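This report concerns only the one structure given below.
Coordinate-derived values only; no laboratory data. All values reported here derive from a predicted model rather than from experimental measurement. Using ideal geometry, Cβ is built from the backbone for each residue, glycine included, and neighbour counts are taken over all protein chains shown.
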Amino acid sequence: MSNKNDASLESTKQMLDELDALMEKMLSLPVTEAEEGRAPAKSVAKAPPMSAKLTFLPPMNEKPAPINPPKTAPAPTEHPLLNPPHLAAPSAPPTPQPPPLTNEVLPPSAMAKLEPLLAALSDDDAPAAPHRNDGLLLWLNQTFDSATLALGGLGHWLRAPAGRMLLGFSGLVMLMIAVGWFLRDWLGWNW
């Protein structure tokens with residue numbers, strides 16, 4: 001493992017040295033002006049030669065040193081001359097701690113009030129089981145909703161409460177007309 005790391009570091013160092021030598025050659029070349037149309041530069045300051053620097057990082061499994069180590073207060077000394085007992089500050093009572101957190105949903109005070117109410121509930125208050133025909137009504141409602149999807153905006157209005165009310169009233173009116181027509185034919189009325 002170390003041979004592989006050493007070999008890669010050596011090859012990286014060699015490439016950086018070659019790059020540094022190439023840059024030195026480029027910087028040492030004289031700067032020439034274009035043939036015509038450009039005035040020669042009055043003074044060209046030569047930049048200091050650039051050099052590549054190789055930085056070694058610590059391996060990833062080592063923990064880096066903290067940037068700002070925590071500052072700790074010096075421990076009080078127990079020497080009687082430096083810290084006489086009659087000058088010591090009186091000890092303060094410990095600060096009260098909050099009660100520990102629990103997984104209870106309701107506080108204990110509300111649980112005592114809630115338990116008699118739960119005991120007073122009878123089985124008669126339980127919700128009724130769905131009726132057999134509720135499934136048929138639900139199926140008819142879903143069929144109507146899916147059939148009106150093709151109508152676009154009109155279908156959306158028909159699925160709204162106002163559209164359903166209009167359909168219900170028109171159904172009742174047509175039912176009354178049908179009953180009247182049947183009675184007219186059955187009784188033989190002529191108008």
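Some observations on this one:
- Full-extension gain in nm, residue 11 to residue 50, via 0.36 nm per residue minus C-alpha separation: 12.0 nm
- At R0 = 30 Å, FRET efficiency that the Cβ-Cβ distance of residue 141 and residue 182 yields, to 0.05: 0.55
- Using the Karplus relation 6.51 cos²θ - 1.76 cosθ + 1.60 with θ = phi - 60°, the per-residue 3J(HN,Hα) values for segment 10-24 come to 5, 5, 5, 5, 5, 5, 5, 5, 5, 5, 5, 5, 5, 5, 4 Hz, with x marking Gly and Pro.
- Rule-of-thumb Rg ratio for segment 135-187 [Cα; 2.2 N^0.38 Å; N residues]: 1.49
- Looking at segment 131-164, the trypsin sites (Lys or Arg not before Pro) that sit in a DSSP loop and have at most 16 other Cβ atoms within 10 Å of their own Cβ are 132.
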